[in-house]
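Before any comments, here is the structure.
The values are calculated or read from the model by the stated rules, or taken from the named source; none is laboratory data. Remember, it's a predicted structure, so these values are computed and weren't measured experimentally. Each accessible area value is taken on the protein alone, full model and side chains, heavy atoms only, with ligands, DNA and RNA left out. Shrake-Rupley method; radii C 1.70, N 1.55, O 1.52, S 1.80 Å.
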Amino acid sequence: MSTPLKRRRSLLWLLVPYVFFLAALPLVNRVHPVVLGIPFLFFWMLLATAVTPLAVWRAHRGDRGVRS
């Protein structure tokens with residue numbers, strides 16, 4: 001029998017939004033690099049908002065087999 005942590009490893013995908021929104025924020029808090037005509041920080045938040053549902057979907061899909 002595997003340990004609960006190994007069985008639920010797919011839930012680590014839920015850390016992706018945390019890293020995008022909070023942990024990396026001090027690193028990307030810049031105004032001068034402009035991407036697609038918007039400041040880099042806004043671009044980063046837009047990217048993080050787009051990636052969050054994908055990470056949650058991946059965690060849900062990976063955890064589906066654990067539920068009984």
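Skipping prolines and chain starts, which residues have an amide H placed within reach, meaning under 5 Å, of the one on V35, given they are 5 or more residues away or on another chain?
F40
How much of the accessible area of the range 3-54, probe 1.4 Å, is carbon plus sulfur, in whole percent?
Working: 3140 of 4040 Å².
The nonpolar share, carbon plus sulfur, comes to 78 percent.
Ordering L47, L36, L54 from largest to smallest accessible area (1.4 angstrom probe), what's the sequence?
On the way: L47 65, L36 155, L54 110 Å².
Descending order: L36, L54, L47.
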